[in-house]
1. Which loop-located GluC sites (Glu not before Pro) does the range 231-306 contain, where loop means any DSSP state but H, G, I, E or B and the Cβ has at most 13 other Cβ atoms within 10 Å?
2. Contact order normalised by length for the range 225-317, with contacts defined as Cα pairs under 8 Å and 6 or more residues apart; what percent is it?
3. PRE reach from residue 207 (point 7 Å along Cα→Cβ): which of the range 303-347 fall under 13 Å by backbone N?
4. Compute the distance in nm between two label points, each set 7 Å from the Cα along the Cα-to-Cβ direction, one at residue 339 and one at residue 61.
5. What order, most packed first, do the peptides 215-222, 106-113 have when packing is the mean number of other Cβ atoms within 10 Å of each residue?
6. Work out, step by step, the length gained on full extension between residue 330 and residue 288: first 0.36 nm times the residue separation, then minus their alpha carbon distance; give nm to one decimal.
7. Nearest 0.05, what FRET efficiency do residue 318 and residue 354 give at R0 = 35 Å with Cβ-Cβ as r?
8. Based on the alpha carbon coordinates of the range 194-352, what radius of gyration and maximum Cα-Cα distance (Dmax) apply, in Å?
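Computed from the coordinates by the stated procedures, all read-outs in this text should not be read as laboratory data. Source: prediction; values computed, not measured. Positions of Cβ are generated from backbone atoms using ideal geometry, with glycine treated the same way; all protein chains shown enter the neighbour counts.
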Amino acid sequence: MLKKLMFLSVVFLFEVCMAAAQEHDTVYLFRFKPEKDMFYVPYSGNDAELARLESCVERYKEKILSGEVPLYVDGHASTVKMAYTRSNRVKSELILRCQLMESCFITRNHADNGDYVTVSFTVPVAGNGDEEQDKRDKDDVAVEEPVAPDETDEPDTSGEIGDVEQNTLDRQADNRTAVSDERQLVDEEADAGQKFGLAVYANLLRWATLTPDLGIEWRINSNVGVAVKGSWTSWLWDNKNRRYALWEITPEVRWYLGKERRGYVGAMYKAGSFNYKLSEQGRQGDIMGGGITGGYRLRLNNALSVDFSVGIGCLHAAYDKYVVIGGTRVLRGGDHKNWWGPVDAGITLVWQIF
């Protein structure tokens, strides 16, 4: 029995020594207020987590600065843009506090509706003759090591080896679950990771009718966008006896829906002037109106997408009727009309600038 216990003790101590020479992943989690990108250090225990991270960084600062131990920063938010900003806030805090450089970090950003940033890195925990230092290193790592039982224990300590191993497995599962629960299953970053910011677009339907059309849109956040479109054209033919002229400006507010924020509904307003003379009698006047819009944006790549949209509402047109006699316009009265139905449509090419 004594030989068996000695053999088990030797095997266990060998495993502990091998585990001590391995590397350990350390994960630190910093929370953000929903839909906010400012890093509040006192918020939700961030100060304690930051102090713990600073302590560990200082111990391995030389290896971190040399690039041997990179820091992995993962930002999580409803959009990649916000996740990018959050990651930079945390990195800036570490650069200022620990005198690090941007090259010390490997950054990844995720659009998964999370409200946190994690900082993780792999550090070697090896015996260096300083038992107190090794103990502090082990306390900081997310996966704790088992403590070998005293070889002078009574023979019934053989049962404690299994207990120590089981407790270690339990602690490992708890530490991993703490971060896993917070992440809530990160999914499809490549598809959902579309950038939101300033975009320029052109309505291909307008261009097909020889009416140049350009617009810009500013996505305030992942849900709200403000767009302004403008059209202008002026054509003369048949010795200036026929005319097609138009200008319009259309501001619009959009609310993007769904997990990937591709479909949207919105409200638009339209104002402009026209001058049509496609027959003997021409019409010249102003238009004004608005309505509700809806559409879907089909993503082609990181920069380009196609927007399919339609607007339904009312347009009011007040105009003069005229004929041209001897090169001079002669008024023939006026009229006004209200149009209920489709007031806008588009197959729009969208170019995401940033």
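1. 280
2. On the way: 211 pairs, mean separation 19.7, N = 93.
The normalised contact order for the range 225-317 reaches 21 percent.
3. Residues passing the 13 Å test: 305-307, 347.
4. Once both label points are built, they end up 7.0 nm from each other.
5. Values: 215-222: 17.4, 106-113: 19.1.
In decreasing order of mean packing, 215-222, 106-113 become 106-113, 215-222.
6. Details: separation 42, 0.36 × 42 = 15.12 nm, distance 2.50 nm.
Between residue 330 and residue 288, full extension yields 12.6 nm more.
7. Details: r = 41 Å, r/R0 = 1.18.
With a Förster radius of 35 Å, E is 0.25.
8. 18.2, 63
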